Each structure stands twice: as structure tokens, then as C-alpha cells.
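Please read the structure below before turning to the comments.
What follows draws every value from the coordinates through simple rules; no lab data is involved. What you see is a predicted model, and the numbers here were worked out from it, not measured in a lab. Positions of Cβ are backbone-derived with ideal geometry, glycine not excepted, and every protein chain shown enters the neighbour counts.
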Amino acid sequence: MIEQKRILITGGAGSIGSELVRQLCAKNKIYILDINESGIFELIDDVGAENVTGRVGDIRDYKTVKDVFDDFKPQVVFNAAAYKHVPLMEYTPLEAINTNVVGHYNVLHVAKTWECVEKFVFISTDKVVSSKSVLGATKKLGEVITLNQGKGYIVVRFGNVMDSRGSLLKIWQRQMDKGLPLTITDERMSRYMMTIPEASNLVIEAAARGEGGEIFVLDMGKRVNIKELAFEILQKAGKKPEIEVIGMRPGETLTEDLMTEEEWSRAVKEDKFYVIR
């Protein structure tokens, strides 16, 4: 769907960014911008493609972002660089603002100065909907300033990405390896779940199909109850069903929604996606 393009992926060494690199590198030229030096090195080495390169840098540094655009002149931009952990951002809201808002705006602003940029995709989260968390607020602002750019500027909104770095499944795996009970914050908590390939496919398809000003949301079916998921994982692993309730952390909610009621009223179902225009 996207071929023979120069593609810039900020946060390209992260869970979603690295999967985008893997799926797109066969038919495109890829440039990774990330603060994770080892992550970039290992990804480029693992992919083994001459058309994948990158540099260590921070989207919060406007000059760094400008230098990357000057050197690479991207035609497609995926901004996957962000802080994502709700409780941590409650304690350091300025860091969330500097990266998720100021950093994002740096990439967005420089992209607008280059006529070669055909598509710009901002990766958001369902935590923007009815959320009172710092993280949700920063990503919501990121959505707004992206959608206001008009033609070619698109938002993709995720649910929880299973097996991504720092995700619930990673935490549970470490706990099982140590013989500890699986921890949940509340027995009533439920989340929309998607896999890393599903999330990355959504991003790529949104870039290919989006015209600008849209929010793409994957139809993820029903929410998954976290307690039931923990029991299922323990059962499949042949482990004793031990679960510890630790209580909700700052900024967390019992449920998360894909869209507001107003967004549902104008969302159009297209294949496995909802598109909000």
C-alpha cells in the first residue's frame, strides 16, 4: 500500500515504531529517529536492510528535527515517539507535555514547511477519551493540532497494545518467571486489546487510505476484563491461579472508550476500521 517512499519514523526503535520499520522496509527507504541508541542499533542490525538508517535524537529538540528533515526529506512521517505510562506521567507532567505536545509539535511544524511531505500520521491512544490523566490530555492536544493541519494529516487511535514494551503481558510474564502472583489493579477493570502487528497494520492502512483530518480506530470488539484475562493466561501456562489486587494507580480508570458519544455519531465503519471525519 505504501511503496517507493522516503519514510521517517520517530520513536522508530519502540514497540510500534520497530514493527512499522519491519513491515515497510522491503519497499521503502526508512529513517529512524529515536533517543534509544541501542534500540536503533539493534533494529538496523536485525533488519539488515541497506535502505534503513537513522540517528539518535530527541523530538523535543527542534534543531534535531529540522536537521533530519533537511537531510532525509521524508514523504511520509509516522510520529510514534511519546511517553505512554499513565502513572509515571501523573508524577512528571512537564515531561509528558515536553514530549507528547512540544515534541510532537516540533515534528508537525517542520513537516508543514516541506512540500515533499504527503502524509503525516500521529499515533494516539484511547486514553484521550473521557480521561482525566495527564497522558490522555497531552495526547488529546496532539490529536487536535494534527487534525487542524488539514490535507494529509491523520490520527490513529489505539487501544492497549499487548506485548508492547512495558505492557501488562510483559509485567505478568516477569511475575510468572519469578513465581509471583499476577497483579491487577481492580477486579472490574477492562480494556480494549490489540496486538503489535494489528496496531502497525492500522497505522500503515491509515496512512495509505487517509486523506487528512480523520481519526482511524480499529474495531477491537468488546473490552477484555483484566481479571479474566489473568486467569486465562495462568491456566494456559499451567500455573496456580494466584492473583493479587493492588489498587488503581494515579490517573487510571476502570474502563476506556474508543470514542466519545459525539464521535460515535459521525464515525463510519470501513472494513475493520471506524473512521471519524
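Tabulated data
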read-out: Distribution of pairwise C-alpha distances over the range 62-112, 5 Å bins, in %; value: 4, 20, 27, 20, 12, 10, 5, 1
read-out: The range 105-130 residues near the modelled residue 73 label - backbone nitrogen below 20 Å, point 7 Å along Cα→Cβ; value: 108-120
read-out: Cα-based helix-to-principal-axis angle, 37-47 vs the chain, degrees rounded to 10; value: 80 degrees
read-out: Cα-derived Rg over Rh, computed across the range 81-136 with Rh taken as Kirkwood radius; value: 1.05
read-out: Label-to-label distance, nm, for residues given as residue 95 and residue 244 (7 Å Cα→Cβ offset); value: 2.4 nm
read-out: The range 1-131, relative contact order [Cα under 8 Å, separation at least 6], %; value: 26 percent
read-out: Inverse mean reciprocal Cα-Cα distance (Kirkwood Rh) of the range 1-56, Å; value: 10.7 Å
read-out: Cα-only Debye scattering, the chain: base-10 log of I(q)/I(0) at q = 0.13, 0.14, 0.15, 0.17 Å⁻¹; value: -0.88, -1.01, -1.15, -1.41
read-out: Of 120, 41, 216, the one that fluctuates the most in a GNM where the chain has Cα springs shorter than 10 Å; value: 41
read-out: Radius, Kirkwood style, for the range 166-241 when every pair of distinct Cα atoms is counted (Å); value: 14.6 Å
read-out: Kirkwood-based shape ratio for the range 1-159, expressed as Rg/Rh from alpha carbons; value: 0.95
read-out: Per-pair calculated FRET efficiency, R0 = 30 Å: residue 265 and residue 237 via Cβ, rounded to 0.05; value: 0.10
read-out: Rounded to whole Hz, the Karplus (6.51, -1.76, 1.60) HN-Hα couplings of the range 129-136, x for glycine and proline; value: 8, 6, 10, 10, 7, 4, 4, x
read-out: Vicinal HN-Hα couplings computed from phi for the range 202-212 (Karplus, 6.51 cos²θ - 1.76 cosθ + 1.60; Hz; Gly/Pro x); value: 4, 5, 5, 5, 4, 5, 6, 9, x, 9, x
read-out: Cα extents of the range 135-277 along the three principal axes, largest first (Å); value: 53, 28, 24
read-out: Degrees between helix 15-24 axis and first principal axis of the chain (Cα, 0 to 90, nearest 10); value: 50 degrees
read-out: Within-12-Å neighbourhood charge of residue 5 [Cβ basis; K, R +1; D, E -1]; value: +3
read-out: Backbone N within the range 57-83 under 14 Å of label point (7 Å from residue 116 Cα along the Cβ vector); value: 66-77
read-out: 0 to 90° range, to nearest 10: angle between helix 168-177 axis and the chain longest Cα axis; value: 50 degrees
read-out: Between the range 204-277 and the range 151-194, the Cα center-to-center distance that results, in Å; value: 10 Å
read-out: By average C-beta atoms within 10 angstrom, highest first, the peptides 6-13, 79-86; value: 6-13, 79-86
read-out: Unit charges on C-beta of K, R, D, E only; dipole of the range 123-277, Debye; value: 360 debye
